[in-house]
1. Roughly how big is the A-B contact, given as buried accessible area in Å² (both sides, 1.4 Å probe, nearest 100)?
2. With a cut-off of at most 15 other beta carbons within 10 Å, and DSSP calling the residue loop, which GluC sites (Glu not before Pro) in the range A:74-137 qualify? Please list them.
3. Expressed as a rounded percentage, what relative contact order does the range B:56-141 have, with Cα pairs under 8 Å and six or more residues apart?
4. Magnitude of the Cβ-charge dipole of the range B:198-309, K/R +1 and D/E -1, about the Cα centre, nearest 20 debye?
5. With the dipole of the protein assembly as shown worked out from charges on the C-beta (+1 for Lys and Arg, -1 for Asp and Glu) around the Cα centre, which of A:ALA80, B:VAL147, B:ASN279 lies farthest toward the positive end?
6. Compute the accessible area per residue over the protein assembly as shown, keeping the other protein chains in place, probe 1.4 Å, unit Å².
7. Explain nothing, just compute: Karplus ³J(HN,Hα) = 6.51 cos²θ - 1.76 cosθ + 1.60, θ = phi - 60°, for every residue of the range A:3-17 in order, whole Hz, x for Gly and Pro.
8. Expressed as a whole number of Å, what is the distance separating the alpha-carbon centroids of the range A:1-77 and the range A:119-159?
Amino acid sequence: MKVLVAVKRVVDYNVKVRPKSDGSDVDLANVKMSINPFCEIAVEEAVRLAEKGIATEVIAVSVGAKQCQEQLRTALALGADRAILVETDESLEPLAIAKCLKAVCDAESPDLILMGKQAIDGDNNQTGQMLAALLDCSQATFASELSFDDGKATVIREVDGGLQTLELTLPTIVTSDLRLNEPRYASLPNIMKAKRKPLDVKTPDDLGVNITPRVTLLGVELPAERQAGIKVEDVAMLVDKLKNEAKVIS
Amino acid sequence: MSILVIAEHDNSSLKPATLNSVTAAQAIGGDIDILVIGSDCQAVAEQAAQVAGISKVLVADNAAYGHQLAENVAPLIAEVGATYSHVLGTATTTIKNILPRAAALMDVQAISEISAVVSADTFKRPIYAGNVIATVQSSDAIKVLTVRGTAFDAAPAEGGSASIEAVASAHNAGKSEFKGEEVAKSDRPELTAAKIVVSGGRGMGNGDNFSMIYSIADKLGAGVGASRAAVDAGFVPNDMQVGQTGKIVAPDLYVAVGISGAIQHLAGMKDSKVIVAINKDEEAPIFSVADYGLVADLFTALPELDAAL
Ligand SMILES: Cc1cc2nc3c(=O)[nH]c(=O)nc-3n(C[C@H](O)[C@H](O)[C@H](O)COP(=O)(O)OP(=O)(O)OC[C@H]3O[C@@H](n4cnc5c(N)ncnc54)[C@H](O)[C@@H]3O)c2cc1C
Ligand SMILES: Nc1ncnc2c1ncn2[C@@H]1O[C@H](COP(=O)(O)O)[C@@H](O)[C@H]1O
């Protein structure tokens, strides 16, 4: 089974981003960038499938600027076999990214496409679902367990009410939730080996994809600050405040 | 303007989450219809017709729609949505699963989790775990939007008398099959609708200790939430996770117990009206958003709190 994993380069999850002084966008100058945590989980899942002999090839794909090669190298160090960068400096939306990924899928014909459920920069939670629409294939978002049997995938999904189990015909798109697995760390030898693994670069033009944005960012602002609160001495004072000051309990 | 709101339901009752999208639709302005997609879901359509301010309820009642499988439901939304200016749904896991798929079929760039309507084509939405709020303008002919439930009040569930119309179109892709579900049963209020939420974190130590939280929650009529660390450690089920990548809540009172206050957790609860933090580490970041902070060991504070209520 051929597996394609989509990885996004994003601000590291520890960074608290701020608007630029002119409020036009967030300030990403000199900010630590990483592989999106949900994509890391997706890569781990793909590598485990390879280790179990289920996946025969794992291809990591990213769409974005030249620097995305760093995150693709990370995926290669974690165990992906080769990588493809769809390179562009334009700002990208989920639909345009899904279209680029669709073109790559058309060329590679993967049986399984693993993605993150959400990129922690834009918090869109869209790209997997959109790619599934464009490929007209099955989808299982928010996966916490994935298995294969009889040429079909079974996925347990984290939904608002609890857990849901779906059976999917291949090819299929699975987006990872936090509990799908715990990603490994890349070892130094594997980081060295990753440098020699193939990394192809294409452009949206090469793929015949129009990535013109549909949504314009007019500006960003800080959310309303919360007023600083107080420390209470003990439980009695807490209960008193909640009853008589905040009036949120009776 | 004509706006289509996708109903959230379980084939027998309309979920209150739908009503937040109705309010967002009213902020956009125009005729508002509700689309109920399901199986044996006439009762839901009748409830939707009662919602104040609705012109028409469309019902697509077909066995293939019973479990809201994205492969079947998305083409229907794309088809019905094509005649509207806006297609909206509240950002539940069901809607987040299907609406982007429908948007792609319509060749529309959807906008996720809007928190405010600026105009018919311009919206605000939190990004980067809510650290900043973006204002975005869509140039697509049809706007496909998910709505952050906590940002819009629920529209009145009663007072309307919309007409009900059947949609015959059936899509059955046959690409996926529902195999089962494990639904957490609880008599406590649903997290996103609760007026009070009490959440526990890694500091709770284990799942059994959550009984202290449940006891307090029951005295307060509260819903119970958790941090990712508490869910990952197996203390409580996944559907209790509050945060950037879990549920977003904004109750009148949020009590965080043994939770440090990582940005990903704050993203899911910092719009609560009153926040209480109980933590033994006075440096814990949760105190920076708490109206009332109690620096204490939770194993003494929780029994005391329980007794005081
Ligand atoms: C991609 C991604 C998505 C994430 N999404 C979410 C999300 O949606 N929701 C979420 O919550 N997190 C999320 N996280 C995780 C987040 O970064 C934190 O790791 C998590 O919130 C920490 O949980 P915690 O506060 O319970 O644990 P900790 O940070 O370990 O804090 C435990 C706290 O308990 C206190 N404590 C311990 N013992 C006691 C005691 N006896 N009495 C009183 N206090 C005590 C400690 O002082 C400490 O402050 C996400 C992370 C990533 C990378
Ligand atoms: N630029 C990108 N390149 C590759 N994959 C991406 C890109 N953007 C999003 N994805 C994939 O889509 C998932 C969801 O992203 P989003 O829809 O932006 O929340 C991510 O976890 C990735 O797997």
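1. Numbers: alone 14480 and 14420 Å², together 22230 Å².
Between A and B, the summed buried area is about 6700 Å².
2. Values: sites: A:GLU87, A:GLU90, A:GLU108; in loops: A:GLU90.
Passing both the DSSP loop test and the Cβ count: A:GLU90.
3. Values: 76 pairs, mean separation 16.1, N = 86.
Dividing the mean separation by the residue count of the range B:56-141 yields 19 percent.
4. Working: 7 positive and 13 negative charges, 55 e Å.
For the range B:198-309, the charge dipole is close to 260 debye.
5. It is A:ALA80, whose Cα lies furthest towards the positive end.
6. Details: 22230 Å² over 559 residues.
Roughly 40 Å² per residue, with all protein chains present.
7. So the Karplus estimates, Gly and Pro as x, are 10, 10, 10, 9, 10, 10, 8, 9, 4, 4, 5, 7, 7, 9, 6 Hz.
8. That distance is 17 Å.
The values are calculated or read from the model by the stated rules, or taken from the named source; none is laboratory data. Model, not experiment: these values are computed from the prediction. Cβ: placed from backbone, ideal geometry, glycine included. Neighbour counts: every protein chain shown. Each accessible area value is taken on the protein alone, full model and side chains, heavy atoms only, with ligands, DNA and RNA left out. Shrake-Rupley method; radii C 1.70, N 1.55, O 1.52, S 1.80 Å.
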